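*Asks:* This is the structure I want to talk about, given as structure tokens.
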Amino acid sequence: MSWEENYQTWKDNPELAADLKAELGQLADNQEALEDAFYEPLSFGTAGMRGVLGVGINRMNIYTVRQATEGLATFMDTLDDETKQRGVAISYDSRHHSQEFAFDAARVLGAHGIPTFVFESLRPTPELSFTVRHLHTYAGIMITASHNPKQYNGYKIYGEDGAQMPPKESDMITKYIRQVKDIFGVKVADKDALIEDGTLKIIGDEVDKAYLEEVNQVTINHELVAEEGKTMKLIFTPLHGTGAMLGEKALKQAGFENFTMVPQQAEPDPEFSTVKKPNPEDPAAFDLAIELGKKEGADLLIGVDPDADRLGAAVRQPDGEYKLLTGNQIAAILLNYILTARKDAGTLPANAVAVKSIVSSEFATKVAANFNVKMINVLTGFKFIAEQIKNFEADGSHTFMFGFEESYGYLIRPFVRDKDAIQSLVMLAEVAAFYKKQGMNLYDGLQELFKKYGYFAEKTIALTFDGVEGAKEIEDLMTKFREESPKEFAGYKVVALEDFEKSTKTNADGTVEEINIPKSNVLKYLLEDGTWIAVRPSGTEPKIKFYIGTQADSQDEAFAKRQQFEDTVMAFVKG
């Protein structure tokens, strides 16, 4: 159907939800906006779907949520009854319509006789991952748009191991979603009736306790935390999201008593009224934490995003100002501490392993190598790290120590199979306590690591291409990089090009090697000085991302090189 036909179908529906009907009326004379809302269905991939809230097939609303859930339910109808009856765990964040979407998903599943376990109120993404494993459900649904602005919401499906649904099952669910031709005809059961007959169970405190028991095992040196945790001053902000309750309990449980939550950001707020972007990657998200930190003389500031799967931090400097750390830097600090503490305690396994994404820094790789710990590289997406953990458990080849992505996501212990900012909050506080005992802070610790391993500097550049033409512009840029592949960047020669869509590594001498990683639309250039540059379209947003990782003998030199490479990449993009 054309976008005009799709639009007419929605316009003619007498039972269209009132808020969506009102929005449709407001858009009546805006052809460009209508086309964008109705030209194609909201993309559903291995990471689920994410989009702007609003009316239309290319938007997040109760009808697209019901359609997606109908796809999952239809797929579960093909399973044996015992598997199907294990049901689906459902959680949601603080965004507009999140709770409504969560219970609508339960109503669709209930109409198929599929049991659901829905949280009484908002809970973090990592707890949803844990819940799937803890309750032994077949699947999980998380209603969240993670760190996106307030206009967005999203829908993620998790598999029975607590990781995002594997590609094979995800592809089948997508097929069933696309078979739902009447988006308004999806059957939904009555919520109260489902609760009464036990098909829909409300969960909460008992799962929180089980999750927090596992989080308590994250702490490595309890004596250290008991000693330093009473006095080390910490500021914590959940950025109006799901992290407040569990974050506070986890810190207290570990032994950190001297922390303050940023009061203006402690309560859930779908408007994210104190920040432009509720993203700990964004320096502006720390403005209120910095203000409070200066007032209280805090050693460390920690912020987590609205679904509490990403974590950022800032450290007080001698002049009283705060220095923000990058995701790559936090990962290197965490890994170094975990391996040091485990080695000192005699609990570092001989087959220890860490896992990172291919667009994350080699800084942590060098740290791991110093402990004779293997670093495995996987595609972007934490499900690929979870897949490695599953393999380790199956064949006993390695013991998982740590996993991370440069985009501020980390996992310490694998009772969760996604990035977990609650675990990371407790661990980073312990690392800060470790340095505090030595009269240092996290930034001092980072400088020690730089002196030992070299000065690393990374940059992620995201270009947004919205609307109908956006996808084509992103596709054209990827084609340009492939067909006009640069032979050098900023005067440094490309020694190899890894094309993950073709599963090939082409060396400068023309020889080709096979890459044993699943296919993905990613290019990675390896340069003669050890620098790497990667290009990939985002899987969840209308963006193309460029990643730069370089190193040098000094911090200034590393920053200067990074800027040179950024200028060269952007010149190629615009040229």
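The values are calculated or read from the model by the stated rules, or taken from the named source; none is laboratory data. Model, not experiment: these values are computed from the prediction. In this analysis, Cβ positions are derived from the backbone assuming ideal geometry, glycine residues included, and neighbour counts consider all displayed protein chains. Side chains are part of the model used for accessible areas, which takes the heavy atoms of the whole protein and leaves out ligands, DNA and RNA. Shrake-Rupley method; radii C 1.70, N 1.55, O 1.52, S 1.80 Å.
*Asks:* Can you sort Lys294, Lys451, Lys356, Lys480 by 1.4 Å-probe accessible area, starting with the largest?
*Replies:* The ranking, largest first, comes out as Lys451, Lys294, Lys480, Lys356.
*Asks:* Which of the lysines could be linked to Lys451 by a straight reach, that is with a Cα gap under 28 Å, when you skip same-chain ones fewer than 8 residues away?
*Replies:* Lys233, Lys323, Lys343, Lys356, Lys366, Lys374, Lys436, Lys437, Lys459, Lys493, Lys524, Lys561
*Asks:* To continue, here is another question. Take peptides 306-318, 145-157 and line them up by average Cβ neighbours within 10 Å, highest first, as a rough protection proxy.
*Replies:* Answer by packing, highest mean first, reads 306-318, 145-157.
*Asks:* Going by a ≥ b ≥ c, the root eigenvalues of the Cα gyration tensor, does the stretch 216-453 fall in the rounded group (a/c under 1.5), the prolate group (a/b larger than b/c) or the oblate group?
*Replies:* Taking the square roots of the gyration eigenvalues as a ≥ b ≥ c, the stretch 216-453 is prolate.
*Asks:* Something else about it: Would you indicate which of [x] 26.0; [y] 24.1; [z] 24.7 is the value of Kirkwood radius over Cα pairs in Å derived from the coordinates of this structure?
*Replies:* [z]
*Asks:* Right, another one. Accessible area, 1.4 Å probe, largest first: how do Asp395, Asp553 sort?
*Replies:* Result of the area sort, largest leading: Asp553, Asp395.
*Asks:* Please tell me the relative contact order of the stretch 18-111 in percent, rounded to the nearest whole number, where contacts are Cα pairs under 8 Å and at least six residues apart.
*Replies:* 21
*Asks:* Find out how many positive minus negative residues lie around Gly229, taking Lys and Arg as positive, Asp and Glu as negative, among other residues whose Cβ is under 9 Å from that of Gly229.
*Replies:* -3
*Asks:* Follow-up. Which length gain, in nm to one decimal place, applies between Lys487 and Glu557 when the Cα-Cα distance is subtracted from 0.36 nm times their residue separation?
*Replies:* In short, 22.9 nm is gained.
*Asks:* How about Lys209: which aspartates and glutamates have a C-alpha closer than 16 Å to its C-alpha, ignoring those fewer than 8 places off in the same chain?
*Replies:* The qualifying aspartates and glutamates are Glu120, Glu127, Glu248.
*Asks:* Calculate, for the stretch 216-453, the solvent-accessible area per residue in square angstrom, rolling a 1.4 angstrom probe over the heavy atoms of the protein chains.
*Replies:* Ligands and nucleic acids excluded, the figure is 35 Å² per residue.
*Asks:* Please work out the FRET efficiency for the pair Arg178 and Gln447, using the Cβ-Cβ distance as r and a Förster radius of 41 Å; give the result to the nearest 0.05.
*Replies:* The value I calculate is 0.20.
*Asks:* Quickly work out the Ile461-to-Ala17 label distance, labels modelled 7 Å from Cα along the C-beta direction, and quote it in nm with one decimal.
*Replies:* 3.9
*Asks:* Still on this structure: Out of every Cα pair in the stretch 3-203, what percent are spaced more than 30 Å from each other?
*Replies:* It works out to 17 percent of all Cα pairs.
*Asks:* Further question on the same structure: Could you give the length gained on full extension between Asp319 and Ala226, defined as 0.36 nm per residue of separation minus the Cα-Cα distance, in nm?
*Replies:* So the extension gain works out to 30.7 nm.
*Asks:* Take Glu196 and Glu513, extend 7 Å from each Cα along the Cα→Cβ direction, and tell me the distance between the two endpoints in nm.
*Replies:* So the label points at Glu196 and Glu513 sit 6.6 nm apart.
*Asks:* Just check the stretch 424-556 against the gyration tensor rule for me: Cα atoms, a ≥ b ≥ c as the square roots of the eigenvalues, rounded for a/c under 1.5, and otherwise prolate or oblate depending on whether a/b exceeds b/c.
*Replies:* Note, shape of the stretch 424-556 comes out prolate.
*Asks:* When the chain is fully extended, how far beyond the present Cα-Cα distance does Leu212 get from His136, taking 0.36 nm per residue of separation?
*Replies:* 25.6 nm
*Asks:* Just want to confirm a number: the relative contact order over the stretch 216-453, from Cα pairs under 8 angstrom separated by 6+ residues, in percent.
*Replies:* So the answer I get is 22 percent.
*Asks:* Mind checking the dipole of the stretch 455-574: about its Cα centre, +1 per Lys or Arg Cβ, -1 per Asp or Glu Cβ, Debye to the nearest 20?
*Replies:* 180
*Asks:* Right, another one. Between Asp529 and Thr399, what is the label-point separation in nm under the 7 Å Cα-to-beta-carbon projection?
*Replies:* 4.0
*Asks:* Something else now. In whole angstrom, note down how far apart the Cα centers of the stretch 442-491 and the stretch 295-346 are.
*Replies:* One Cα centre to the other: 23 Å.
*Asks:* Once R0 is set to 60 Å, what does the formula 1/(1 + (r/R0)^6) return for the Cβ-Cβ distance between Thr504 and Ala28, expressed as a FRET efficiency to the nearest 0.05?
*Replies:* FRET efficiency, Thr504 to Ala28: 0.75.
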